[in-house]
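The values are calculated or read from the model by the stated rules, or taken from the named source; none is laboratory data. None of these values were measured; they are calculated from a predicted model. Methodologically, a virtual Cβ is constructed for each residue, glycine included, from the backbone with ideal geometry; neighbour enumeration extends over all protein chains shown. These accessible areas exclude ligands, DNA and RNA; they are computed on the full protein's heavy atoms, side chains included. Shrake-Rupley method; radii C 1.70, N 1.55, O 1.52, S 1.80 Å.
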2 protein chains.
Amino acid sequence: MPHIYQLFKGLEAKASAEIFTELLQGQQFRLERIVSTGQATAADTWYDQDEDEWVILLSGKACLHFADEAQAHELLPGDYVFIPAHCRHRVTWTDPEQISVWLALHIKAEPGKQHFTAPCKDAVNS
Amino acid sequence: MPHIYQLFKGLEAKASAEIFTELLQGQQFRLERIVSTGQATAADTWYDQDEDEWVILLSGKACLHFADEAQAHELLPGDYVFIPAHCRHRVTWTDPEQISVWLALHIKAEPGKQHFTAPCKDAVNS
């Protein structure tokens, strides 16, 4: 019998570091939950990943900055973004007053293959 | 510049059928949003899929029934489940009074490979 889990259960309101929990993994992908309670990417540090990443914020509030943009974007629950490999980015802020829960899908890049298929016209910031 | 999207934006409160929107797809997986507004799997019909499926309910309320169990499980936002290929199941009910939004990750089965890596001790129904 499959078990039913609860993504928002048993979270600490104030942890000393972000908490990463792997939920699924396959040959091509890895799905993880990330729980932030005020943490941010270290100053002057950018994520520069070999894999594509699709990430959604499901609770809380956060700010995400892309290296080629002047300002960070504020993210609210339900906001999601596809970050291609080597698109440098950092989380500049997560709300210290609430628990921010993310789901992140990390995907091995496939040459010439576009993983993201949602239409651009729906983008919040287009 | 990556675009930011909003998963809960522009949804119809009462559609005639469930709405499936593909968000991502790769060689091994497909991620989709499902929006239900009162629909259920047709009577006496079971999903019997060739692929593994990881699915989470993010808003609304639903009931999910596995063929080898007497009763359906009520799902609330944040509840998620890994449904192995050929584990027969059906959605017996979704709340007609609110919009139920699901994220479903469909994964090609890999012989001898267990995709789901979360510990069973956290299960709501264990």
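Across the protein chains, with a 1.4 Å probe defining accessible surface, the residues B:SER100, A:SER59, A:SER16 rank A:SER16, A:SER59, B:SER100 from largest area downward.
Scanning chain A for GluC sites (Glu not before Pro) that sit in a DSSP loop and have at most 15 other Cβ atoms within 10 Å, the longest stretch containing none of them is A:13-68.
Summed over the residues of segment B:21-126 and divided among them, the accessible surface reaches 44 Å² per residue at a probe radius of 1.4 Å.
With the simple spin-label model, which puts each label point 7 Å out from Cα in the Cβ direction, the A:ASP48 to B:GLU12 separation comes to 4.7 nm. Using a probe of 1.4 angstrom, how much of the accessible area of chain B is carbon and sulfur, in percent? Carbon and sulfur: 51 percent of the exposed surface of chain B. Each Lys or Arg adds one and each Asp or Glu subtracts one; over the other residues with Cβ under 14 Å from the Cβ of A:ASP48, this totals -4. Applying a threshold of 21 Å to the alpha-carbon distances of A:LYS14/A:LYS61; A:LYS9/B:LYS14; A:LYS108/B:LYS108; B:LYS14/B:LYS61; A:LYS108/B:LYS113 flags A:LYS9/B:LYS14 as lying beyond it.
May I ask for the net charge around A:GLY38, where only other residues with Cβ less than 12 Å from the Cβ of A:GLY38 are counted and Lys, Arg are +1 while Asp, Glu are -1? Neighbourhood net charge equals -2. Centroid-to-centroid, using Cα positions, segment A:1-33 and segment B:63-82 are 19 Å apart.
DSSP loop chymotrypsin sites (Phe, Trp or Tyr not before Pro) in segment B:54-99 with at most 11 other Cβ atoms within 10 Å of their Cβ, which ones?
none
For segment A:25-126, trypsin sites (Lys or Arg not before Pro) meeting the loop criterion (DSSP other than H, G, I, E, B) and having at most 12 other Cβ atoms within 10 Å: A:LYS113. In this assembly, the A-B interface accounts for approximately 4800 Å² of buried accessible surface in total, computed with a 1.4 Å probe and without ligands, DNA or RNA.
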